[in-house]
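Okay, here's the structure, questions in a sec.
Nothing in this text is a laboratory measurement; each read-out follows from the coordinates by a stated rule. Quantities reported herein were computed from a predicted structural model and do not represent experimental measurements. Cβ coordinates were reconstructed from backbone atoms using ideal geometry, including for glycine residues, and neighbour counts include every protein chain displayed.
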Amino acid sequence: MKILNVVGARPNFMKIAPIVEEMKKASDLKGVLIHTGQHYDEAMSDVFFRDLGIPVPDVHLGVGSGTHAEQTARVMVEFEKVCVEQKPDLVVVVGDVNSTMASTIVAVKLLIPVAHVEAGLRSFDRAMPEEINRIVTDALCEILFTTSRDADENLKREGVTPARIHFVGNVMIDTLMRHRTKAATLDVISRFKVQPGSYALVTLHRPSNVDEPGVLGGILEALKEISNAMPVIFPIHPRAVRRIQEFGLDTTGIRTVEPLGYLEFLNLPSNARIVLTDSGGLQEETTILGVPCMTLRNNTERPVTITHGTNMLAGPDKSRILDGFGFA
Ligand code: UD1
């Protein structure tokens, strides 16, 4: 059986790693790794392949950045050629990025079944591009692998037959558990001159938070106030860097750093007193690490992180972030 495993953006790499590894062990499966090139910088892509031991992709589509339509369309045009040439028996997609949705549409139209890993998550916020990607992907995929029971319920509510839903657990957390010890041996925090358990870690990249000067400015002001109480470490996503420069915003007092690789980054939440983020994955990772997480969004597609007690929704408003800060 030939299986095309598709990845495109940073959060996909840690999800595909254990799947590729398992496929290598099965003599009757031939896994082919396709990288769409949605993320392409060394720090956004290559370092994750090295850190996680993922083999070099068999095919690189080189789609790069663009508007949603441009990026989605480029993946579709290039991935269609690969499907026609490779004639896979199955396509596996992970997560909720544009590459996930685009490759799913292509495969199902060529009558190739698609399996979605991390199916059924819903923020119920259609202003999030990822929510559109999740809905479209799940509607089209034949096999839906879920990470939580609420995801099963979301899919059933949308009319998916239970036979298509498989509650399998969380491959991103499999990767975290596998690399946690190694990440802990790295000395990342001395670079920031901070002690374990003493600092706040921040990540931000959602368009709703970084594309509006007022919203991004308010979050940065809250972070500056927090930095009076404890060091704030902020590895900045290229999208946020561009916006901060474009809007002329000030990050004085916040310890900003380039995006980090998987292992170095994992060291940071593990040692943090609190994490402030708009990332989906980090809400789950902090839950497993037992570190308080303040989510700078008004909703989450990962409600188990809230019911488990490690995560709270603070939204992007300065006053709510500062009010919620007692959570740490
Ligand atoms: C994408 C995903 C988002 C995911 C995030 C993780 C979609 C709709 N969004 O958002 O779900 O959480 O990745 O990072 O798929 N850029 C670079 N170098 C790169 C990649 C991007 O500089 O290697 C810059 C470009 O200026 C680009 C911008 O970042 O225009 C945004 O990249 P893009 O992939 O479009 O979306 P993300 O914001 O990264």
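Return the aspartates and glutamates within reach of Lys24: Cα separation strictly under 17 angstrom, same-chain partners fewer than 8 residues apart disregarded; answer none if there are no such residues.
Asp58, Asp89, Asp174
Here's a follow-up. May I ask for the percentage of alpha-carbon pairs in segment 181-327 that lie more than 28 Å from each other?
On the way: 1157 of 10731 pairs.
The share of Cα pairs beyond 28 Å in segment 181-327 comes to 11 percent.
Which residue fluctuates the most in the chain, going by a Gaussian network model with Cα springs under 10 Å, if the choices are Thr295, Thr256, Thr307?
Result: Thr307 has the largest fluctuation of those listed.
Let me ask something else. Quick check: residue separation of Asp58 and Asp187 times 0.36 nm, minus the Cα distance between them. What number comes out in nm?
Working: separation 129, 0.36 × 129 = 46.44 nm, distance 3.34 nm.
Difference between extended and current length: 43.1 nm.
Would you list, by chain and number, the aspartates and glutamates whose Cα falls below 17 Å from the Cα of Lys193, excluding same-chain residues fewer than 8 positions away?
Partners found: Glu258, Glu264.
Between the helical axis of 238-247 and the dominant principal axis of the chain, each derived from Cα atoms, what acute angle in degrees is found, rounded to the nearest 10?
50
Something else: What distance in nm separates the two pseudo spin-label positions at Lys224 and Leu29, each 7 Å out from Cα along the beta-carbon direction?
5.1
Still on this structure: Once both labels are modelled 7 Å past Cα along the beta-carbon direction, what's the Ile143-Lys109 spacing in nm?
Going from the Ile143 label point to the Lys109 one covers 2.4 nm.
Also: May I ask for the longest run of the chain untouched by trypsin sites (Lys or Arg not before Pro) that are loop-located per DSSP and have at most 10 neighbouring C-beta atoms (other than their own) within 10 Å? Don't jump to the answer; show the numbers that get you there.
Numbers: sites that count: Arg126, Lys193.
Longest stretch, sites excluded: 194-328.
Right, here's the next one. Using the Karplus curve 6.51 cos²θ - 1.76 cosθ + 1.60 with θ = phi - 60°, what ³J(HN,Hα) values do you get for each residue of segment 105-119, in whole Hz, with x for Gly and Pro?
Each residue's phi maps through the Karplus curve to give 4, 4, 5, 5, 6, 8, 6, 9, x, 10, 10, 10, 8, 5, 7 Hz.
Another one. Taking 21 Å as the cut-off for C-alpha to C-alpha distance, list the pairs among Lys15/Lys87; Lys87/Lys109; Lys15/Lys81 that go past it. All intermediate terms of the calculation are to be shown ahead of the outcome.
Numbers: Lys15/Lys87 24 Å; Lys87/Lys109 13 Å; Lys15/Lys81 25 Å.
Checking Cα-Cα distances, Lys15/Lys87; Lys15/Lys81 exceed 21 Å.
Shifting gears a bit: For segment 268-273, what does the Karplus curve 6.51 cos²θ - 1.76 cosθ + 1.60, with θ = phi - 60°, yield as ³J(HN,Hα) per residue in whole Hz, taken in order and with x for Gly and Pro?
6, x, 4, 9, 7, 7
Have a look at Gly31, Val7, Ile54 and report the one farthest towards the positive end of the charge dipole of segment 1-62, computed about the Cα centre with Cβ charges (Lys/Arg +1, Asp/Glu -1).
Gly31
Which whole-Hz ³J(HN,Hα) couplings does segment 170-175 yield from phi under the Karplus relation 6.51 cos²θ - 1.76 cosθ + 1.60, θ = phi - 60°, glycine and proline marked x?
10, 5, 5, 6, 4, 5
As an exercise, identify the chymotrypsin sites (Phe, Trp or Tyr not before Pro) in segment 113-218 lying in DSSP coil whose Cβ has no more than 10 other Cβ atoms within 10 Å. Write out the running numbers ahead of the final one.
Working: sites: Phe124, Phe145, Phe167, Phe192, Tyr199; in loops: Phe124, Tyr199.
Sites meeting the loop and neighbour criteria: Phe124.
For Lys318, give me every one of the lysines with a C-alpha distance below 24 angstrom, ignoring sequence neighbours fewer than eight places off in its own chain.
Lys224
Shifting gears a bit: For the pair Arg239 and Glu153, how long in nm is the line joining their label points, each one 7 Å along Cα→Cβ?
For the pair Arg239/Glu153, the computed spacing is 2.9 nm.
On alpha carbon coordinates alone, what is the Rg over Rh value for the chain, Rh being the Kirkwood radius?
Numbers: Rg = 19.5 Å, Rh = 20.3 Å.
Result: Rg/Rh = 0.96.
To continue, here is another question. Which value in deg cm²/dmol, rounded to the nearest 500, describes the helix-derived mean residue ellipticity at 222 nm for the chain, given -39,500 (n - 2.57) per DSSP H run of n ≥ 4 and division by the residue count? Show your work: numbers first, answer last.
On the way: 14 runs with 151 residues, N = 328.
Dividing the helical sum by the residues of the chain leaves -14000 deg cm²/dmol.
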